[in-house]
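Structure first, then comments.
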Amino acid sequence: MLTTAALKNLNLKQAPSRVSHLSVALVIPALAMLLLVAAAPPNAAGQSPQPADVRKLLADSLHAVGGQERLEAIKGMTLTATRATPIDAVASYDEAPPMIFDRVTDQMDFGANTLKETSSLNFTGLASDINSISVYTPQGGYTDSAGSLTPLDPTFVYRALDLFLTHPLLALLSAAHDQNAELGKAESVSGSSCTWIAFAASAVPMKICVNDSSKLPLALEIKRDYPQDDYTSLWGTFVTRYTFTNWTIEPNGIFFPRTWREETGHGENSIIYVQNISFSTKASAPLTVPDNFKQAFAKTMSRTPADQAAENYGTGEPKDLGDGIYVLPGKLYMRNVLLIRQADGVVIVEAPVSAENSAYVRSQAAKLFPGTKIKALMSTDNIWGHVAGVSGYGDPGISLYVLDRNVDLVTRLMEAGGAKPVNIRSVAAKTTIGSGANAVEVIPYRTSYGAKMMAVYLPDKKLLWASDLFLPKPWQPEFQTEHLWEIRSLINREQLKVERVMGDHRPPEEWAVVVKEIPEGV
């Protein structure tokens, strides 16, 4: 989850993370009970006692990790770990996705349910690390980047929630506390046999698999919906599995896994390597959060899908490029959309953010072109923030033009959004849509960084939509030459007569000026 927040702060392409369907007010206070298992009698809430086989297996596992008495004495812990994540959502090539390496130090207070995380993150190709400190409390928090404080991104909020829930020692205590825990089936995980126990923590369905030999927790699954996170919410319910290996005994007699494998089922999987661990038997000093960040936290965590869509466009006015062509300028990460009126309908270029965002775009198209149907959508790349709204164009009469390499991604996104992917047009070569003054050509790049991108060219207007290769200069400046070189290569290869160029994040600019940014002789 940390990966997405860090990339957003950089204005880079974003990566996925896990998010919660439950409100913070519901989830966090219940975590305080996890360390009070022994204090609660079996029938304290009128529930039936756990079945004997469940109770014995949990007791054996608690004993294996160091004993319930030792666990209950722990008030918090500090761990230093490195998370390695291949980011398939922004990969040009499936075989070699970019990587995120995030070295974090997490200070967890189990009683107060607070987290302070110091992060040093590197995204493949960045010249230097991104350093930040994030503070989470149940009332809110903030991220400190070089002295600049910003409200917590929902991604980090849910990273904190999930850390408390999926922490193997806390999860084991939570299972022991759930009087409705049930014994499940035996399974082989990572070559070892284990037995699953189903339970709930703060109303979140979970399962933990206890190694049949060592009795240590071998795997854990958490099943949650994530509506607040703008990537993860696209996929509906997540079942994330953690596999724990390399357990070591610590100086206080507690066993802890040094390697966590996280599998989401949607390609963004991580391996977490724990380098240092220390446990505390004393409560840590309270973390303080300014009131303005608490207020921002409450507002952010109560947003509706429509609120999230409005963050990108809101009341921004469409910009008229002339002759029935408009651009809807995006606010959040500047995700633009192009609207083109043709004789038999409107062509839309890009479907960013969400289906709700697509509904907003369609409402704007209806105002600009009353009574004119939408005939086609062109989704030009695989960057999830640009393709996230495709399910908003599932109408039978709308053709979706998608690069051949991205058809599977768009199909899965449409299905996850409840739309039928019946009108997808796979684009393998230059394809012309419409005729006359506003005819458009969609052209695969087939270049290095543009391997999963297409350009959209309007011959009569000499206007080129360059997809995600035409980025603002502060974004990834170290790749600016390569990106512009690939745009120029496509123009030369296809013999296009381009006067203006624009893209997902940049307004129309004179190509004769832009091309001069490529160093002489390149």
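Values quoted throughout were computed directly from the atomic coordinates according to the rules given, and no laboratory measurement underlies them. Please read these numbers as outputs of a predicted model, since none were measured by experiment. All Cβ positions, even for glycine, are placed from backbone atoms using ideal geometry, and neighbour counts span all protein chains on display.
Tell me the label only: which of (i) 1.12; (ii) 1.00; (iii) 1.08 is Cα Rg over 2.2 N^0.38 Å as calculated from this structure?
From the options (i) 1.12; (ii) 1.00; (iii) 1.08, the structure gives (iii).
Could you size up the charge dipole of the chain around its Cα centre, putting +1 on the beta carbon of Lys and Arg and -1 on that of Asp and Glu, and report it in debye to the nearest 20?
That gives the chain a dipole magnitude of about 400 debye.
Within 10 Å of each residue's Cβ, count the other Cβ atoms and sort Cys209, Cys194 from fewest upward.
Cys194, Cys209
Among the aspartates and glutamates, which fall within straight-line cross-link reach of Lys223, defined as a Cα-Cα distance under 18 Å, with same-chain neighbours fewer than 8 residues apart omitted?
Qualifying aspartates and glutamates at Cα under 18 Å: Asp162, Asp178, Glu182, Glu262, Glu263, Glu268.
By its C-alpha gyration tensor, with a ≥ b ≥ c as the square roots of the eigenvalues, how is the stretch 424-470 shaped: rounded for a/c under 1.5, else prolate for a/b larger than b/c, else oblate?
oblate
With a/c under 1.5 counting as rounded, go ahead and sort the stretch 471-511 into rounded, prolate or oblate using the C-alpha gyration tensor (a ≥ b ≥ c being the square roots of the eigenvalues; past the cut-off, prolate if a/b is larger than b/c, else oblate).
In terms of gyration-tensor shape, oblate.
Fewest Cβ neighbours within 10 Å first, please rank Lys375, Lys299 accordingly.
Ranking Lys375, Lys299 by Cβ neighbours within 10 Å, fewest first, gives Lys299, Lys375.
Which of His63, His167, His505 has the fewest other C-beta atoms within 10 Å, and how do the rest follow up to the most?
Ordered by Cβ neighbours within 10 Å, fewest first: His63, His505, His167.
Filter the cross-link list Lys430/Lys497; Lys367/Lys462; Lys375/Lys497; Lys461/Lys497 down to pairs whose alpha-carbon distance in this structure exceeds 21 Å.
Cα-Cα > 21 Å for Lys367/Lys462; Lys375/Lys497; rest within.
Once each part is reduced to its C-alpha centroid, what is the distance from the stretch 371-419 to the stretch 163-211 in angstrom?
Centre-to-centre (Cα) distance: 38 Å.
When a/c reaches 1.5 or more, the comparison of a/b and b/c decides; with that in mind, is the stretch 305-517 rounded, prolate or oblate per its Cα gyration tensor?
Rounded, since a/c falls under 1.5.
Taking Cα pairs under 8 Å and at least six residues apart, what relative contact order does the chain come out at, in percent?
12
Once the piece of chain linking Asp307 and Ser489 is laid out straight, how much longer is it, given 0.36 nm per residue of separation minus the C-alpha distance between them?
Result: 61.5 nm gained on full extension.
Just subtract the alpha-carbon distance of Glu499 and Asp404 from 0.36 nm times their residue separation and send over the number in nm, one decimal.
31.4 nm
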